[in-house]
Amino acid sequence: MKLALELAKKGTGRTAPNPLVGAVIVKDGRVIGQGWHERYGEAHAERNALTSCQESPEGAVMYVTLEPCCHHGRQPPCTDAILTSGIRRVVIGSDDPNPLVAGKGIQLLRAQGITVTTGILREDCDRINAVFFHYIQTGLPYVVMKYAMTLDGKIAAYTGASKWITGEAAREHVHQQRHRYTAIMAGVGTVLADDPLLTCRIPDGKNPIRIICDSKLSTPLTAQIIQTARQVPTILATCCTERKRQLAYETAGCRVLTAESKNGRIDLRKLVQQLGREGIDSILLEGGGTLHWAALESGIVQKVQAYIAPKLLGGQSAKTPIEGQGFPTPAQGIHLVNSRITQLGEDFLVESEVDADVYRHR
């Protein structure tokens, strides 16, 4: 199953909105086949593993990170391929919450005499598909709020200078995340301050769809994001309905998405609902303190990635990752759970999930 997990991860950034899945076939203590879901619309992991078999899989055991599908989509059911192959036992990591599957794959295999074992390395198998599980159950994008800060909580010096808070290893990891998630979101303030590209710069990396929250449609037409909109899909979400202003961005290759407003700003909850309906299953939120606060306040964030550099900047006016009004007491703050720490060069990445109960009780 550990090998199946590593295989599954090879599909990162290529399978959305499908899950990451790896499969390994073992016969007489030997691996005779392996595969993973390589790209959306292409063969699933189980079929790739069967195709790769060096000998007949009859009587073998298949280890697969996610319950095999039993319905027709872009690909035929994997359960059909398993039954035809002569596999005698299937070992599964995660149950599939997709209503089209949701235990039916397991039930079908057992009904045909195949031994099925579930829950093997479930926590690890669940973790790699946090995006898929969230999206298939809610229809909403899985939102990851990311920022880099110093050990005293500054994302820039008091002068506004922010390059570079973290080192090369941390910045490389950020680009891996841009490859991993379907879209990236920033606010117009970030565009005005940094003029970023918000692209993925790793070899063979996939650029995320760029989403700029710009309530008043004030992004300069000379900004790099606008200038490259014909090469990288770019959405400007705005409350501005003036067609002449929208047309200028559309002419440059952007898509202008008129969003609902709330207190004079974009209603982020309504925006992610619309993006989810359009097939965007995940968003890497790389905004500034204003957008981050709005995102937390609206309850759209599922995970936080904080890259922490062993530096001290100080400065009463220096920017912090989350601004806005803030919460009045520590007890009312956003509670994070399941934290993990990874060292990246001299820097540290702290990844935490937002406690789902936090939003339910607000």
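Only Lys, Arg, Asp and Glu count, each charged at its Cβ (+1, +1, -1, -1), so figure out the dipole size of segment 244-357 about its Cα centre, rounded to 20 debye.
I would put it at about 480 debye.
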On the Cα set of segment 279-352, report Rg and Dmax in Å, please.
13.9, 42
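Expressed in nm to one decimal, what extension gain is obtained for the pair residue 202 and residue 51 from 0.36 nm per residue of sequence separation less their Cα-Cα distance?
51.3 nm
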Divide, for segment 14-129, the radius of gyration over alpha carbons by 2.2 N^0.38 Å, where N is the residue count.
0.95
Would you mind checking which residues have amide H under 5 Å from residue 287's amide H? H placed 1.01 Å from N; only 5 or more apart, or other chain.
146
Provide the convex hull volume over Cα atoms per residue for segment 154-220, in Å³.
104 Å³
Counting Lys and Arg as +1 and Asp and Glu as -1, each charge on the Cβ, what is the dipole of segment 85-174 about the Cα centre in debye, to the nearest 20?
220 debye
Carbon and sulfur: what percent of the chain's accessible surface (1.4 Å probe)?
50 percent
Dimensionless Rg ratio for segment 106-172, taking C-alpha atoms and the 2.2 N^0.38 Å reference:
1.98
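Would you mind getting me the FRET efficiency between residue 216 and residue 269? Use the beta-carbon distance for r and R0 = 22 Å, nearest 0.05.
Between residue 216 and residue 269 the formula returns 0.65.
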Rg to Rh, two decimals, where the chain supplies the alpha carbon set and Rh follows Kirkwood
1.02
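Pop the C-beta distance of residue 335 and residue 251 into the FRET formula with R0 = 41 Å and round what comes out to the nearest 0.05.
0.35
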Spherically averaged projected area in nm², based on the convex hull that wraps the Cα atoms of segment 184-255:
4.4 nm²
Restricting to Cα pairs below 8 Å that are 6+ residues apart, what does the relative contact order work out to for the chain? Please round to a whole percent.
15 percent
Tabulate in residue order the Karplus-calculated ³J(HN,Hα) for segment 55-70, using 6.51 cos²θ - 1.76 cosθ + 1.60 with θ = phi - 60°, rounded to whole Hz; enter x for Gly and Pro.
7, 4, x, 4, x, 8, 10, 10, 9, 9, 6, 9, 3, x, 6, 10
With +1 on each Lys and Arg Cβ and -1 on each Asp and Glu Cβ, and nothing else charged, work out how big the dipole of the chain is about its Cα centre, in Debye to the nearest 20.
600 debye
Note down the Stokes-Einstein diffusion coefficient of segment 64-214 in µm²/s, whole number, using a Kirkwood radius over alpha carbon pairs, 20 °C, and 1.002 mPa s.
114 µm²/s
Amide H contacts under 5 Å for residue 69, restricted to residues at least 5 apart in sequence or on another chain and with H modeled in the peptide plane, are 78, 79
Along segment 219-230, Karplus-curve 3J(HN,Hα) (6.51, -1.76, 1.60; θ = phi - 60°) to the nearest Hz, with x for Gly and Pro, reads 5, x, 5, 8, 4, 4, 4, 6, 5, 10, 5, 7
Helix 168-180: inclination vs the chain longest Cα principal axis, degrees, rounded to 10, gives 60 degrees
Taking Cα centroids, how far is segment 289-362 from segment 230-266 in Å?
28 Å
Could you work out Rg/(2.2 N^0.38 Å) for segment 209-362, with Rg from alpha carbons only?
1.18
Sorted by chain and then number, the residues having a modelled amide H within less than 5 Å of the amide H of residue 143, at least 5 places away or on another chain, are 283, 302, 303
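The values are calculated or read from the model by the stated rules, or taken from the named source; none is laboratory data. Keep in mind that this is a model prediction, so the values were computed, not measured. Counting neighbours? That spans all protein chains shown, and the Cβs are built from the backbone with ideal geometry, glycine included. These area figures cover heavy atoms from the full protein model, side chains too; ligands, DNA and RNA do not enter into them. Shrake-Rupley method; radii C 1.70, N 1.55, O 1.52, S 1.80 Å.
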